[in-house]
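Step one of this worksheet: look at the structure below.
The values are calculated or read from the model by the stated rules, or taken from the named source; none is laboratory data. What you see is a predicted model; the values in this text were computed from it and never measured. Virtual Cβ from ideal backbone geometry, glycine too; neighbours counted across all protein chains shown.
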Amino acid sequence: TGRLNGDPPGVMTIAEKGIFNGGGSQTTSDGRWGDYSAMAADPAEIGKFWYTQEYYATTSSTNWKTRIGSFSLGNVTIPATRTVQNATIPVGQTRCYNATQIISVAGNGTTFIVQPGGSATMISGQVIQYLPGAKVEPGGFMWGYIAPGGPWCQTPSIPSVAMSDDQIPKRIVQSYFKVYPNPTTGNFILELTGESLVDKVQVDIHGIWGEKLLSKVLSGERKHEFSLSDRPTGVYFIRVISGDKAETFKIIKQ
């Protein structure tokens, strides 16, 4: 079960469903259960989650098993307006926030803090407002982009978000490329993951102001190593084109 953050408080608006029914129960009384339970958001499909948990096929003391399942909350829409408040982005964490019209950050006595080593991205169709209480500490990063037609975050973050009734659906398509590690201290890998990519792939690397730093045509191997070692710390954009498929990645050089 679940709810969208624009739903009335205290109400689970998404109908409850089961993933798998166990066939027995645990008879031991040592009090341990759920040691191997975990849930994570799908990195590419908004509204989809993966979950693993223990279960008993038959009643016994310790003969438990584990199972992995996935479920989706359906079409998750991008709000027209979004208010991002009372959130702290710690070291190693990256957050991204969408709105088709306006994003307001902090304000009205609330805070939004990016700590050293954390990063936040705001993507709005029209306006981004950084209000009192928004703070980026030394070593933290926050970027804002006006993009009337996207592209939007692949996995939007939603702490303390206010939505309007005017919401426009946006489906995220399958990614055919991966870039890692991100952030990087210098070198990074571009991996081609699609099953039907053409033989030649065009790769362009741009700086934060749009200047082209590198242009290269790849062929053959699916993994290619690039280096930003001679570049200053900051944000860079990688544009990958393969036939009719094109994607843009943001990579952070630390």
> Quick check, is Thr233 modelled with pLDDT of 70 or more, under 27 Å from Phe141 (Cα atoms) and loosely packed, with under 15 Cβ neighbours inside 10 Å?
Replying inline: yes
>> Which pairs turn up if I take residues in the range 190-217 that are over 20 Å from Leu228 (Cα atoms) and modelled with pLDDT under 75 and look for partners that are part of a strand (DSSP E or B) and not aromatic (Phe, Trp, Tyr) with beta carbon separation below 8 Å, at least 6 apart in sequence or on another chain?
In response: Gly194/Ser242; Gly194/Lys245; Leu197/Ser242; Leu197/Lys245; Val198/Ser242; Asp199/Ser219
> How many of the residues making up the range 93-110 are of a type in the set (Gly, Ala, Ser) and assigned to a strand (DSSP E or B)?
Replying inline: 3
>> Looking at the range 33-79 only, could you name the residues that are under 30 Å from Ala120 (Cα atoms), in a loop (DSSP other than H, G, I, E, B) and at pLDDT below 85?
In response: Asp42, Pro43, Ala44, Glu45, Ile46, Gly47, Leu73, Gly74, Asn75, Val76, Thr77
> When you look at Ser160, is it hydroxyl-bearing (Ser, Thr, Tyr) and either modelled with pLDDT of 85 or more or at positive phi (or both), yes or no?
Replying inline: yes
